Amino acid sequence: MHIHAAILWEAGTPLSVESAELDGPGPGELLVELKAAGVCHSDLHPARGDWPAKTPLVLGHEGAGIVRDVGPSVSHVKVGDHVVLCWAPACGVCAPCLEGRAVLCDRVEKVTFRNKLPSGAARLHARGQDVAPFLGTACFSDFVIVPEAGAIPVPRDIPFDALATIGCAVITGVGAVTNAGQVPRGSRVAVIGAGGVGLNVIQGAVIAGCERIIAIDLRPKPLEIAKTFGATDTIDASVDVPPAVRALTAGRGVDFVFDTVGSPATLTLALACTRKGGAVVLTGLSRMDAQGSIAMFPFVMQEKRLLGSVYGSGQPARDIPHLVSLYQEGKLKLGELVSRTYALAGVNDALTALAASDGARGVITW
Ligand SMILES: NC(=O)c1ccc[n+]([C@@H]2O[C@H](COP(=O)([O-])OP(=O)(O)OC[C@H]3O[C@@H](n4cnc5c(N)ncnc54)[C@H](O)[C@@H]3O)[C@@H](O)[C@H]2O)c1
Ligand SMILES: [Zn+2]
Ligand SMILES: [Zn+2]
């Protein structure tokens, strides 16, 4: 079928919104019509060339839409279902999957992270070439083909802009607190970076019953929004941050720091803001070749911990419906995460706004 998609032809150049041809779904695949797609910093990285990726490529990995067609042997999803896209479609049978660690699925690592569908098929074509789907999702496009496990059915009465960010920012941020950190009630936490993921760390910390939630960002707008999501305190990252964190925590430092920026400098800062026996949960991903350094002596003597966390460290097929329930119960803000909506033709403006840390999420709507 004939569609429009935002194609990255060369890293460092704007996406080109143009005509493309999409094949129908093969076995185990679905055709989804996109209704809303969040613009995540993980789209900006390949667009700018921070993460090397083969082009042409359609970016976008956080979205929601309606199933319009299903291929043979699809069993759990049917035409007309409203779905949230999931960029970690676990195989269910590899060792990490059997150990209950779906986000570490071997197939996701070998296939999805190489911007392929599990079937290996190239379903999207433009200018006579195959176009790769970023994270097997490619939702800066009118329609997408995804594997069945890459689409999680959700109730039909939820607005699509509210669903747009669940499939990356929300699950990553909330899961970093609840699954990776397993943060106990009454904890004191800090989050470095109050963008799409950071605001959801704050929401996760509110759900976990944290007593103190300190947001740290370089820009005033994200800090302003952080307060409306439940941050009890904010710190401008351009000041000397560790003493400011200690001043808010009876001189001790926080129990957990969530580094949603993921640069060598923010990792050092995160470790400095953590109390003795505390933990840093690292979700931010800067350049692919970034190397952080740790002052090893105090790390050992103060029994600090460092945890990596990808895609919320849980079971997306279980966690996405749970997040939707929290929203329905009024415990999770979703509509408030959408700072601005754009048509697909405005995708480059949305990426520019994200790079400027305009606050919360820009969302493409159809
Ligand atoms: N681990 C995962 O599974 C996962 C999932 C999604 C995104 N990510 C990564 O997480 C990172 C954040 O993504 P996002 O969509 O939230 O980005 P974003 O652009 O929405 O937010 C980043 C925020 O960090 C702030 N910031 C930047 N540098 C800072 C610094 N030195 N100190 C304090 N604040 C700083 C910015 O002002 C902005 O508010 C990206 O690297 C992205 O690739 C990881
Ligand atoms: Zn697996
Ligand atoms: Zn993302």
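Cβ-Cβ distance below 6 Å, separation of 6 or more or different chains: which pairs start in segment 106-118 with a residue that is within 16 Å of W51 (Cα to Cα) and end on one that is part of a helix (DSSP H, G or I)?
Close Cβ pairs (under 6 Å, with a partner that is part of a helix (DSSP H, G or I)) amount to T112/L135; T112/G136; N115/F134.
Just to be sure I understand, how many residues within segment 122-138 are touching a strand residue (DSSP E or B) at 6+ places or on another chain (Cβ under 6 Å) and part of a helix (DSSP H, G or I)?
Total meeting the criteria: 1.
Are there helices (runs of 4 or more DSSP H) fully within segment 247-351 with at least 2 residues that are within 16 Å of ligand 2 (Cβ to nearest atom)? List them. Write out each step before concluding.
Values: elements: 264-273, 296-301, 316-328.
Result: 316-328.
Table: residues versus (1) away from ligand 2 (no atom under 16 Å from the Cβ); (2) within 20 Å of V324 (Cα to Cα); (3) in contact with a Leu (Cβ under 6 Å, 6 or more places away or on another chain).
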residue	(1), (2), (3)
K35	yes, yes, no
G38	yes, yes, no
H45	yes, no, no
P52	yes, no, no
V67	yes, yes, yes
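Would you mention how many residues in segment 107-131 are within 16 Å of ligand 2 (Cβ to nearest atom) and open to solvent by less than 50 Å² (accessible area, probe 1.4 Å)?
Final tally of qualifying residues: 5.
So, in segment 175-191, of the ones that are among the aliphatic types (A, V, I, L, M) and open to solvent by less than 10 Å² (accessible area, probe 1.4 Å), which residue ends up nearest to ligand 2 (Cβ to nearest atom)? Reasoning before the result, please.
Initial filter on segment 175-191 (among the aliphatic types (A, V, I, L, M)): 176-177, 180, 183, 189-191.
Still in the running and open to solvent by less than 10 Å² (accessible area, probe 1.4 Å): 176-177, 189-191.
Working: A176: 21, V177: 24, V189: 31, A190: 33, V191: 30 Å.
Among those residues, the one meeting the criterion is A176.
Looking at G362, G312, G277, G284 in this structure, which one is surrounded by fewer than 14 Cβ atoms within 10 Å (Cβ to Cβ) and either modelled with pLDDT of 95 or more or farther than 19 Å from C40 by Cα (or both)? Working first, answer last.
Working: G362 fails: surrounded by fewer than 14 Cβ atoms within 10 Å (Cβ to Cβ); G312 fails: surrounded by fewer than 14 Cβ atoms within 10 Å (Cβ to Cβ); G284 fails: surrounded by fewer than 14 Cβ atoms within 10 Å (Cβ to Cβ).
So the residue among G362, G312, G277, G284 that is surrounded by fewer than 14 Cβ atoms within 10 Å (Cβ to Cβ) and either modelled with pLDDT of 95 or more or farther than 19 Å from C40 by Cα (or both) is G277.
What is the number of the single condition among (1) away from ligand 2 (no atom under 16 Å from the Cβ); (2) in contact with a helix residue (DSSP H, G or I) (Cβ under 7 Å, 6 or more places away or on another chain) that C86 does not meet?
With (1) away from ligand 2 (no atom under 16 Å from the Cβ); (2) in contact with a helix residue (DSSP H, G or I) (Cβ under 7 Å, 6 or more places away or on another chain) applied to C86, the lone miss is (1).
Among the residues in segment 327-350, are any among the charged types (D, E, K, R), open to solvent by less than 40 Å² (accessible area, probe 1.4 Å) and touching a residue at least 40 places away in the same chain (Cβ under 8 Å)?
Keep residues of segment 327-350 that are among the charged types (D, E, K, R), which gives 329, 331, 333, 336, 340, 349.
Now drop any that are not open to solvent by less than 40 Å² (accessible area, probe 1.4 Å), which leaves none.
Checked against the condition, which is being among the charged types (D, E, K, R), open to solvent by less than 40 Å² (accessible area, probe 1.4 Å) and touching a residue at least 40 places away in the same chain (Cβ under 8 Å), segment 327-350 yields no hits at all.
I'd like to know if segment 230-249 contains one or more residues that are closer than 28 Å to L163 by Cβ and more than 16 Å from ligand 3 (Cβ to nearest atom). Don't jump to the end; show me each part of the working.
Going residue by residue through segment 230-249, those that are closer than 28 Å to L163 by Cβ are 230-231.
Then drop every residue that is not more than 16 Å from ligand 3 (Cβ to nearest atom), which leaves 230-231.
Yes: one or more hits.
Does R101 satisfy the criteria of being within 16 Å of ligand 1 (Cβ to nearest atom), surrounded by fewer than 19 Cβ atoms within 10 Å (Cβ to Cβ), within 24 Å of the chain's Cα centre (by Cα) and basic (K, R)? Lay out the reasoning, then the answer.
Numbers: within 16 Å of ligand 1 (Cβ to nearest atom): yes; surrounded by fewer than 19 Cβ atoms within 10 Å (Cβ to Cβ): yes; within 24 Å of the chain's Cα centre (by Cα): yes; basic (K, R): yes.
The answer is yes for R101.
Within segment 209-221, does at least one residue satisfy the condition of being crowded, with 24+ Cβ neighbours inside 10 Å, in contact with a helix residue (DSSP H, G or I) (Cβ under 6 Å, 6 or more places away or on another chain), closer than 21 Å to V79 by Cα and modelled with pLDDT of 95 or more?
no
From the list V154, V146, which one is at pLDDT 95 or above, open to solvent by less than 10 Å² (accessible area, probe 1.4 Å) and more than 16 Å from ligand 2 (Cβ to nearest atom)?
Numbers: V154 fails: open to solvent by less than 10 Å² (accessible area, probe 1.4 Å).
Only one candidate passes the filter, namely V146.
The values are calculated or read from the model by the stated rules, or taken from the named source; none is laboratory data. Predicted model, so just to flag it, every value in this text is computed and none were measured. No Cβ is skipped: glycine too gets one built from the backbone with ideal geometry, and neighbour counts run over all protein chains shown. Each accessible area value is taken on the protein alone, full model and side chains, heavy atoms only, with ligands, DNA and RNA left out. Shrake-Rupley method; radii C 1.70, N 1.55, O 1.52, S 1.80 Å.
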